[in-house]
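Novice: Take this structure first; my questions come after.
The values are calculated or read from the model by the stated rules, or taken from the named source; none is laboratory data. Just so it is clear, the model here is predicted, and its values are computed rather than measured. Here the Cβ is made from the backbone with ideal geometry for all residues, glycine too, and neighbour counts use every protein chain on show. These area figures cover heavy atoms from the full protein model, side chains too; ligands, DNA and RNA do not enter into them. Shrake-Rupley method; radii C 1.70, N 1.55, O 1.52, S 1.80 Å.
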Amino acid sequence: MLGLGALGVVAGARAQQAIDSLLGPLGNSDPTGLTGLLPAAGGFRYYSVTGTTPARADADYRLAVTGLVARPAVLTLAALRAMPQTTLVRDFQCVTGWRVRRVPWSGVMLSQLIESVGPRPQARAVAFRSFDGTYAESLTLEQARRDDVLVALTMYGEPVTRPHGGPVRLYVAPMYGYKSCKWLGEISLTDRVAPGYWERRGYDVDAWIGASNGRDDEPA
Ligand SMILES: Nc1nc2c(c(=O)[nH]1)N[C@H]1C(S)=C(S)[C@@H](COP(=O)(O)O)O[C@H]1N2
Ligand SMILES: [Mo]
C-alpha cells in the first residue's frame, strides 16, 4: 500500500513535469507541485514538492523545538502524545481550489508547545522545517499562538498517514494548505518571518483563506 503510494507520487511527479513542459514555465498548471494524480481520501490530494513521501518510523521520530527559546527541546512522538491534545474539525482548503469539508484533526496546540520551551522576548516568528529536507514554512508568533494551529498527530481519528505528512504535520486551520507543513521535523523561534517554500515562489506569506492570494473562498 505504502509502496504503491510512493510509486504513484513519483508517477505524479513525472506527469507534472510533462504538463509543465507542455504549458511552459508560466503555464497555468497546478502551482503547488504535484497535481495529486493519486486520488486521496475524501478529496485530498497528496502533495510533495520533493516527489517523495519521506519515511520516519514512529520510534525514530523527533521534533526539535529550538531557536529563541529558554529551554530547547527534542520531543519524541510519545512525548507529544503525552501532552494535552486538542481536536479541531475544519475545512481544508488548497490555494489551487480544492477543499475538503469538515476534517477532524487532533494534536498539540502549537501555542502550548511554544509556551513549554519559554520563548525569548526577541522572538517574533516561528519557522517550520520538514524532514523531507526541502519544505519550509513560517508564521508570525502572534499567528502561531492562535488556538486553531496544531502540531497534528491524528487526522480522521487515526495517526496522520505517511502520504499526509505523518507521523507529525502542522495544521494551520485558518490558512491555505501550503502553511500546513508535512513531515514536521523542526520548529524554530526566530526574530522575523522567513518566507516559506511556496511564498518564495509568489504565494502570500499571510495565507488567510478567503483573504489572500486573490481568492475569495469562504473562511474554513
Ligand atoms: N513537506 C511538505 N508539506 C506540504 C506540501 C509539500 O509539498 N511538502 N504541500 C502543501 C500544500 S500546497 C498542501 S495543499 C497540503 C496538502 O496536504 P496533503 O498532501 O495531506 O493533501 O500540504 C502542504 N504541506
Ligand atoms: Mo496547496
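Novice: Could you tell me whether segment 113-128 includes any residue that is surrounded by 15 or more Cβ atoms within 10 Å (Cβ to Cβ), within 16 Å of ligand 1 (Cβ to nearest atom) and on the phi > 0 side of the Ramachandran plot?
Specialist: Within segment 113-128, none of the residues are surrounded by 15 or more Cβ atoms within 10 Å (Cβ to Cβ), within 16 Å of ligand 1 (Cβ to nearest atom) and on the phi > 0 side of the Ramachandran plot.
Novice: Since Ser106 meets every condition but one in (1) without any contact (Cβ under 8 Å) to a residue 60 or more places away in the chain; (2) part of a loop (DSSP other than H, G, I, E, B); (3) among the hydroxyl-bearing types (Ser, Thr, Tyr), which condition does it not meet?
Specialist: (2)
Per-residue answers, yes or no, for (1) crowded, with 18+ Cβ neighbours inside 10 Å; (2) within 12 Å of ligand 1 (Cβ to nearest atom):
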residue	(1), (2)
Gly43	no, yes
Leu68	yes, no
Leu77	yes, no
Arg81	no, no
Thr96	yes, yes
Trp105	yes, yes
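Novice: Suppose we keep only residues that are touching a Lys or Arg at 6+ places or on another chain (Cβ under 8 Å) and in a loop (DSSP other than H, G, I, E, B) within segment 57-101. Which one would you say is farthest from Gly42 (Cα to Cα)? Give the derivation first.
Specialist: Narrowing segment 57-101 to residues touching a Lys or Arg at 6+ places or on another chain (Cβ under 8 Å): 68-70, 74-76, 89-95, 98.
In the following step, the residues that additionally are in a loop (DSSP other than H, G, I, E, B) were identified as 68, 70, 94-95, 98.
Details: Leu68: 39, Ala70: 42, Cys94: 14, Val95: 17, Trp98: 11 Å.
Restricting to residues being touching a Lys or Arg at 6+ places or on another chain (Cβ under 8 Å) and in a loop (DSSP other than H, G, I, E, B), the top hit is Ala70.
Novice: While we're looking at this one, here's another question. What do you reckon, is Leu189 outside any loop (DSSP other than H, G, I, E, B) and in contact with a Pro (Cβ under 6 Å, 6 or more places away or on another chain)? Write out each step before concluding.
Specialist: Numbers: outside any loop (DSSP other than H, G, I, E, B): yes; in contact with a Pro (Cβ under 6 Å, 6 or more places away or on another chain): yes.
Considered against the rule, which asks whether it is outside any loop (DSSP other than H, G, I, E, B) and in contact with a Pro (Cβ under 6 Å, 6 or more places away or on another chain), Leu189 comes out as yes.
Novice: If you don't mind, there's one more thing I want to ask. Taking the condition of being open to solvent by 10 Å² or more (accessible area, probe 1.4 Å) and on the phi > 0 side of the Ramachandran plot, how many residues in segment 173-217 meet it?
Specialist: Adding up the residues that qualify gives 4.
Novice: Still on this structure: Tally time: how many residues in segment 160-199 are of a type in the set (Gly, Ala, Ser) and within 8 Å of ligand 1 (Cβ to nearest atom)? Even if it seems obvious, please write down each step before you answer.
Specialist: To start, the set of residues in segment 160-199 that are of a type in the set (Gly, Ala, Ser) comprises 165-166, 173, 177, 180, 185, 188, 194, 196.
Keeping just the survivors that are within 8 Å of ligand 1 (Cβ to nearest atom) gives 165, 177, 180.
Of the residues in segment 160-199, 3 are of a type in the set (Gly, Ala, Ser) and within 8 Å of ligand 1 (Cβ to nearest atom).
Novice: Of the conditions (1) out of contact with any strand residue (DSSP E or B) (no Cβ under 7 Å at 6 or more places or on another chain); (2) away from ligand 1 (no atom under 14 Å from the Cβ); (3) not aliphatic (A, V, I, L, M), Gly157 fails just one. Which one is it?
Specialist: (1)
Novice: Just to be sure, is Gly133 more than 18 Å from Tyr176 (Cα to Cα), in a strand (DSSP E or B) and modelled with pLDDT of 95 or more? Let's see the steps before the verdict.
Specialist: On the way: more than 18 Å from Tyr176 (Cα to Cα): yes; in a strand (DSSP E or B): no; modelled with pLDDT of 95 or more: yes.
The answer is no for Gly133.
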